[in-house]
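Below: the structure, in structure tokens.
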Amino acid sequence: MTDPPTPGVAAERPPYLVAGVVALGALVLYVLTLAPTTQFWDASEYITAAHALGIPHPPANPLFVILAHAWGLLPLGVDYARRINLFAAVTSAAASGVWFLIGERWLRPIVAPTWRRRLVAAAGAVVGATAFTVWNQSVVNEKVYTLSVLTIALVLWLAMRWADQPESARRDHHLVLIAYLLALTATNHLMGVLVAPAVLVYVVLTDPRALLRPRFLVAAALVVAVGTSVNLFIPIRAHFDPYLNQGEATTWPALKAVLAREQFGKPSVFDNPMYPPGPDNPGHTLVLYGQQLLNYVQYFAWQFGRDWLPGMRASLAVLFAALGLLGARRHWRAERRAAFAMATLMLTLTVALVFYLNFRWGYSQPFGGPGLEHEVRERDYFFIASFAAWGVWVGMGIASVMEWIEEAIAARAPTAAPARRLAPAALVLLLALVPLAGNRLTAPRSGETLARDYAHDVLQSVDPYALLVTAGDNDTFPLWYAQEVDGVRKDVSVLVLSLANTGWYLRQLQRRAPPTFDTGTAPDLYRGHAWPRPAAPWMSRFYLGSPADTLPEYVPLAQPATGYLGPIAVKLDPGALGRPYLMRSDLAVLQIIKDELGKRPIYFSTSTGNYADQLGLSPYLVGEGLVRRLVPRPVAASESVRLLDGRGFVNVPRSVALVFGVYRGGATAARPRPRGWVDVPSQNSLLGYVFAYDTIAAALRDEDPPRAERAIALRDAILANTTYAPPPGRRAIDH
């Protein structure tokens, strides 16, 4: 198993210059297709955290925050979000260069001619760099995983360099550096640590005694302590209460909760995630695990031709899977130690990771039924490292096919010149360009500004010093970005229901006084008025300092209850809520209404759906563009407020002024996209505009037909980008 290195193979100097060219090529591609600003999901949160030197959701990713904040200070001449997106592009491109070095080294016993070997290694690196998930995640800083992929590649490269040294000259500094990088990458995300089993295999099959040498153990312990000390950034920075301070880890128990991701309540790997924990949980069965593996296969099938029809995608997945397996076989025959380490890495990044993540049914997996809950979004990004690394074996598979072709030509025409044999074989290298062609429409994010525009539009919809209730990630994170990075409507307090069940979030809402309203950057709607800055917190009683002065986690609601919230009467019905209890987030919203309605403006984003109606607030809600205003008396029809069928009461003049005079996102959402809105789970952000335009079309149908037609045209253009698009030649809705 511990094959000695082929003479001269390990001694050859690595082609760092060529690796730099490969990385530069990947970077050029990523820059050309880079997202110009923030995007949906976690992109806005991480860009906000970098800008504020803040703390994003657990495990807080302190290494990323520090590096991205430093990167964001560079004078790159572009806006801040594009700068942080470029950070993802640079780290991913650098990883491509390292994968090239790994592939080139492992190809040495397989392909003798230097220039041909480097072409093949470059082909494998191109496949890895242009795989759909790798490319799509490299053009926006949606996650912290491109940094993890870079550290995985670097650690594997260092292990290889250590193993290639002659035994008499082998030093442990490579292993100490590996220990440091593993500890350091763990403070970014645990994904980076997944390379550890492959490194362990490499070391054990080379010189297992190295792991027991006292000097190495002492040095490794020291550098691990230094690497993991980056986590101390979390409590230190939390004490300064930056704009983004998730978990508020100012105590050791709070820090432990952040690092352990307790906020998310991840189920045990031995539980079925679609059922509550406990004795009735059916457990992590083989059937469930098989479904989870099929979800990975689904994501693998996307990597090489996401733009094309399902049949073509499946065929390409089979082709590149076969090339990778062929490369693994050739690798095993050429250098078993390295092949064993690579196989360990791939198994860790796939079958082991699938088991550990223990996801519910994939968002778009074609299965359904009672008790079969699906993930709220696609989770392919968790497997980005496996798709990038697979390119190494694909390169080896391409080399094997080229070798077969040359041998077949030589057998038929023994006297043929080498160039004649090589030319047909070289055509196989063109396979490396298939993912580039097959993902060119869906992987790029160039020109996509909807998340930023949506955030600006929602914030500019509400009066100064308002409270805006939102639902979750996609209708909240962009607002954080707009306020912290773009400085838009920082006077607005955003209450996101998904976090309002935590005490730390409500404490922050209570103690943070709103900045002064900036009339210079606000729409004309808010000019010419006096907007006194409020001094009191949103709730008069709760979260003012005492540990006992908090809202309970929940309150039972066994039957309908009627009561008053300040000036309004509400009926709380467990049937309407869909549960026999009120959560802390519900209690916070109700308490704020009781204390502040009529004193400060309160709105619900339309992204919250019928949440406000479930709380019995329907008689007090008026639609205004992308938000619904809560008023202190039952709404009645008037010259400006009209009752529209299926839409409730709508302030028509204000909605028209917002939609046609303030909003930018409607035109952005209506922009034709060759494959529609690729990320289907986030398309609800487009539907808010659809509802707004449809409402205006209904309101202005008789009094202003041209503007109603314009609204219909925009509505239908937006719908054409979604899965709700009407059949060709038909309007979405006829009025």
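Values in this text are rule-based calculations from the coordinates and carry no lab data. If you're wondering where the values come from, they're calculated on a predicted model, not measured in any experiment. Note that each Cβ is placed from the backbone with ideal geometry, even for glycine, and that neighbours are counted across all protein chains shown.
Place the peptides 388-395, 605-612, 638-645 in order of packing, highest mean first, counting for every residue the other Cβ atoms within 10 Å and averaging per peptide. Spell out each step's value before the answer.
Working: 388-395: 30.9, 605-612: 18.9, 638-645: 12.0.
Going by the mean number of other Cβ atoms within 10 Å, highest first, we get 388-395, 605-612, 638-645.
Taking only DSSP H segments of four or more residues, each worth -39500 (n - 2.57), what value at 222 nm results for the chain once the sum is divided by all its residues, to the nearest 500 deg cm²/dmol? Please list the in-between numbers first.
On the way: 29 runs with 360 residues, N = 735.
After summing the helix terms and dividing by residue count, I get -15500 deg cm²/dmol.
For segment 640-735, what is the Kirkwood estimate of the hydrodynamic radius, computed as the reciprocal of the mean inverse distance between distinct Cα atoms, to one decimal in Å?
Working: mean 1/r = 0.0731 Å⁻¹.
Every distinct Cα pair counted, the radius reaches 13.7 Å.
For percent of Cα pairs over 43 Å apart, one of (1) 33; (2) 66; (3) 20 was computed from the structure I shared and the rest are decoys. Which label?
(1)
Which whole-number percent gives the relative contact order of the chain, counting Cα pairs below 8 Å spaced six or more residues apart? List each step's numbers first, then the result.
On the way: 1227 pairs, mean separation 99.7, N = 735.
So the answer I get is 14 percent.
Assuming R0 = 25 Å, what is the FRET efficiency of Ala576 and Glu703, from their Cβ-Cβ distance, to the nearest 0.05? All intermediate terms of the calculation are to be shown ahead of the outcome.
Numbers: r = 35 Å, r/R0 = 1.39.
The value I calculate is 0.10.
Is there a quick way to get the dipole size of segment 509-662? I mean about its Cα centre, with the Cβ of Lys and Arg at +1 and of Asp and Glu at -1; what is the value in debye to the nearest 20? Numbers along the way, then the final one.
Details: 17 positive and 12 negative charges, 47 e Å.
The calculated dipole for segment 509-662 is roughly 220 debye.
Points 7 angstrom from Cα along the Cβ direction at Ala548 and Ser229: gap in nanometres?
4.3 nm
Compute, for the chain, the length of the dipole vector about the Cα centre, with Cβ point charges of +1 (Lys, Arg) and -1 (Asp, Glu) only. Units Debye, rounded to 20.
Numbers: 65 positive and 54 negative charges, 314 e Å.
Dipole of the chain, to the nearest 20 debye: 1500 debye.
May I ask you to compute the full-extension gain from Arg333 to Val21, defined as 0.36 nm times their residue separation minus their alpha-carbon distance, rounded to one decimal in nm?
Details: separation 312, 0.36 × 312 = 112.32 nm, distance 2.97 nm.
So the extension gain works out to 109.3 nm.
Would you mind checking Lys143/Lys266; Lys490/Lys599; Lys490/Lys571; Lys256/Lys594 for any pair whose Cα atoms are more than 28 angstrom apart?
On the way: Lys143/Lys266 19 Å; Lys490/Lys599 19 Å; Lys490/Lys571 33 Å; Lys256/Lys594 35 Å.
The answer is Lys490/Lys571; Lys256/Lys594.
Compare the Cα positions of Tyr30, Val555, Tyr505 along the charge dipole of the chain (+1 at Cβ of Lys, Arg; -1 at Cβ of Asp, Glu; about the Cα centre) and return the one farthest towards the positive end.
Positive-end residue among those listed: Tyr30.
Mind putting a number on the dipole of segment 580-638 about its Cα centre? Charges go on the C-beta only, +1 for Lys and Arg and -1 for Asp and Glu, and I need it in Debye to the nearest 20. Kindly include the intermediate steps, with their values, before the conclusion.
Details: 7 positive and 5 negative charges, 30 e Å.
Dipole about the Cα centre, nearest 20: 140 debye.
List the residues whose amide H sits under 5 Å from the amide H of Leu565, counting only those 5 or more places along or on another chain, with H placed 1.01 Å from N in the peptide plane.
HN-HN under 5 Å from Leu565: Val570.
Please name whichever of Pro14, Leu590, Ala122 sits farthest to the positive end of the charge dipole of the chain, dipole taken about the Cα centre and charges placed at Cβ: Lys and Arg +1, Asp and Glu -1.
So the residue we want is Pro14.
Give me a comma-separated list of calculated 3J(HN,Hα) values for segment 382-394, in order, Karplus coefficients 6.51, -1.76, 1.60 applied at θ = phi - 60°, integers in Hz, x for any Gly or Pro.
Using θ = phi - 60°, the values come out as 5, 10, 4, 5, 5, 5, 5, 5, 4, x, 4, 6, 4 Hz.
Within 10 Å, count the other beta carbons around each residue, average over each peptide in 170-176, 44-50, 214-220, 87-93, and list them highest first.
Listed from highest to lowest mean packing, they are 44-50, 87-93, 170-176, 214-220.
Could you sort the peptides 397-405, 58-66 by per-residue average Cβ neighbour count (10 Å cutoff), highest mean leading?
Working: 397-405: 21.3, 58-66: 22.9.
Taking the mean over residues of other Cβ atoms within 10 Å, the ranking is 58-66, 397-405.
Would you mind computing, in nm to one decimal, how far apart the modelled labels at Thr519 and Thr251 are, each placed 7 Å from Cα along Cα→Cβ?
4.5 nm
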